[in-house]
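Here is the structure we will look at, set down as structure tokens.
Every number here is computed from the coordinates shown, using simple stated rules; none is lab data. Predicted model, so just to flag it, every value in this text is computed and none were measured. Neighbour counts run over all protein chains shown; Cβ positions are idealised from the backbone, glycine included.
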Amino acid sequence: MTRSFHQFPCEDALLAGTLDAGQKPIGLMIVSGGNEIRSGAHAGMARIAQNVAAQGFPVFRYDRRGIGESSGTNGGFLESGADINAATDYFRQTNPKITRIVAFGNCDAASALALFGDAKAFDGFVLANPWVIEDTDISSDTPTVPPPSAIRSRYWERLKNPQSIIDLLTGKINLRKLANGLKQATQKQENTELSIRIKDGLIRLNKPCKIILASRDTTARAFLAAWNSKDFADAQALPNITTETLDSASHSFADEHSKVWLETQLLNALNNA
């Protein structure tokens, strides 16, 4: 396997990218989530790239504008369409043998692909834990308030744990916080403008799209609540979109079992592209 480093233009900026070479004509494009650099949390994306390339599939990942080694202004995932386009064009130009590309993103990178992925005629998508929570900065250190569906799921998990009852009886649980949480949990779930935009984007993709979810992750729970609502009925009915869940709370699929599961999902998508 050969790993090389690249720079390429995106509007008035220069983006930094990494290519893990492979001999097969099907490539994997990794779009980074949040404000993570292209190596990913704990070098998770670098590991994925190495392992997928070892199976013969070339893999390209990059820093969007204003992140890591890329110049320009970071406009967030809602302004990242040009970055996805530039990276995809460069991937194809530097790998002329590639005939098909599968795109992968986690969290807001999955949402960005849903919003902008149709513009580059990708041949498949793997979208992990798409971000649908409105009006929050996911790069901020300020905790976000999850939607009622996610709060209800979290409390249900805790109620199934006998230790939570012991903590409640022994005063280890803050009753005021518990009351506030229960109040939020009983609120009506409303789909956000962002979630509706993502639904419309999913419908436009028109290619095999697997949505994978860590079932105990708050972001995944918020997406699943939107997905199961009547607003998403049109997307649910599409045969090219499938969902699969892993019993995990790891948003970035960080533990060993989750890492292997994620890589298996990606290799399946590549082999079937």
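Annotations
- Shape of the stretch 1-127, Cα gyration tensor, a/c cut at 1.5: rounded
- Computing FRET efficiency as 1/(1 + (r/R0)^6) for Gln236 and Thr2, where r is the C-beta to C-beta distance and R0 is 35 Å, gives about 0.25.
- Sequentially through the stretch 82-93, phi angles give Karplus couplings (6.51, -1.76, 1.60; θ = phi - 60°) of 5, 5, 4, 4, 5, 5, 5, 4, 5, 4, 5, 5 Hz, Gly and Pro residues having no value and appearing as x.
- Hull-based mean projected area of the stretch 1-63, where the convex hull spans the alpha carbons, in square nanometres: 4.4
- Between the amide H of Cys10 and those of Leu15, distances stay under 5 Å, these residues lying 5 or more places away or on another chain, with hydrogens modeled in the peptide plane.
- Translational diffusion coefficient (Stokes-Einstein; Kirkwood radius from C-alpha pairs) of the stretch 207-269 at 25 °C, 0.890 mPa s, in µm²/s: 197
- Residues whose amide H lies under 5 Å from that of Gly34, counting only those 5 or more places away or on a different chain, are Asp108, Ala109; hydrogens are built 1.01 Å from N in the peptide plane.
- Couplings 3J(HN,Hα) of the stretch 109-117, computed from phi: 5, 5, 5, 4, 5, 5, 6, 10, x Hz, in residue order, whole Hz [Karplus 6.51 cos²θ - 1.76 cosθ + 1.60, θ = phi - 60°; x for Gly and Pro].
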